[in-house]
1. Could you tell me which residue out of 74, 93, 107 lies farthest along the dipole of segment 68-108 toward its positive end? Charges go on the beta carbon: Lys and Arg +1, Asp and Glu -1, centred on the Cα centre.
2. Distance from the Cα centre of segment 104-173 to that of segment 64-78, in angstrom?
3. If you count, for each residue, the other Cβ atoms within 10 Å and average over each peptide, how do 211-217, 136-142, 148-154 line up from highest to lowest?
4. With the crude spin-label approximation of a point 7 Å out along Cα→Cβ, what separation in nm comes out for residue 139 versus residue 115?
5. Working from Cα positions, state the angle (0 to 90°, nearest 10) between the long axis of helix 187-198 and the longest principal axis of the chain.
6. For the pair residue 104 and residue 51, how long in nm is the line joining their label points, each one 7 Å along Cα→Cβ?
7. Over the chain, what relative contact order in percent results from Cα pairs under 8 Å that are six or more residues apart?
8. Can you tell me the length gained on complete extension of the stretch residue 83 to residue 225, counting 0.36 nm per residue apart and subtracting the Cα distance?
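Only the coordinates and a few stated rules stand behind these numbers; no lab work does. Everything quoted here is computed from the prediction, not taken from an experiment. Backbone-built Cβ (ideal geometry, glycine too); neighbour counts: all protein chains shown.
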Amino acid sequence: MNSVFRRWLWLWMAALLAPPALAQNGVLHTVAGESGGVYYTIVPRATVYTAPDSGRPYVELRFREPVTVLEEVGRWRRVRTRDGARGYVEAAALSNVWIRVSKRKQTVYVYRGGERIRAYPADLGQNFFADKVQRGSLADPDHWRTPDGVFFVVKKNPHSKFHRALVLNYPSAEDAERGLREGLITRAQYEAIVRAEREYRMPPMNTALGGWIEIHGDGTGARSNWTQGCVALHNRHIDELWNWVSVGTPVLIEP
């Protein structure tokens with residue numbers, strides 16, 4: 001994801017998750033005060049109009065661009081953009097759903113803005129306490145780890161061998177920077193990963209960093225540790241989550 005969106009997302013999540021005593025000063029307090037109304041676009045281009053059903057376009061929003069929703073007007077939302085422009089966007093073009101995975105609690109939490117709407121038990125990678133740094137294998141199962149970081153859903157796969165799957169954009173640009181620094185990937189691979197994130201495309205999955213980290217089905221519902229780094233939910237839970245999630249939905253995986 002681009003650096004502006006990453007900074008905004010970290011501030012948003014920090015404000016939503018911080019105890020009240022930690023959200024009383026500076027930027028954190030400001031973001032927390034607006035977090036209930038912060039949404040992001042889930043279509044390639046979203047048009048801001050001067051009035052509902054006016055047919056008079058005002059501003060174009062890019063994919064995953066954050067806006068503050070000021071008012072609900074039928075199927076429209078009155079919004080304020082980051083640069084202060086105000087107008088109306090169709091509600092179907094916006095979402096405030098995001099996912100938080102706690103590896104310590106082996107639980108997937110689903111939020112709408114600051115409201116937690118679901119919590120699901122999750123199966124994780126065999127060595128889930130550690131962060132993922134490179135590809136695992138049968139010869140090296142220690143690296144079948146669930147990565148830490150901020151990701152987004154880059155693809156929804158309804159035909160996964162694990163029932164259904166939400167594919168995450170691992171390795172991210174941050175992972176690529178580390179991989180290049182540690183000599184795990186080439187400069188060309190690094191640039192391909194960074195470019196894919198900037199363009200919201202699937203990153204290369206075949207480098208030494210590994211790939212194909214998903215939130216998928218066929219989980220036990222008993223918080224077992226058997227995956228190769230993915231987050232596995234019971235099928236009835238992934239079916240429910242599927243309907244809330246769009247390509248572009250933010251996913252925070254924390255230790």
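1. Result: 107.
2. Cα centres, segment 104-173 to segment 64-78: 30 Å.
3. Ranking, from highest mean packing down: 211-217, 148-154, 136-142.
4. Taking the two extended label points, one gets 5.2 nm.
5. For helix 187-198, the angle is close to 40 degrees.
6. In this crude spin-label approximation the distance works out to 5.3 nm.
7. 19
8. Using 0.36 nm per residue and subtracting the Cα-Cα distance, I get 46.6 nm.
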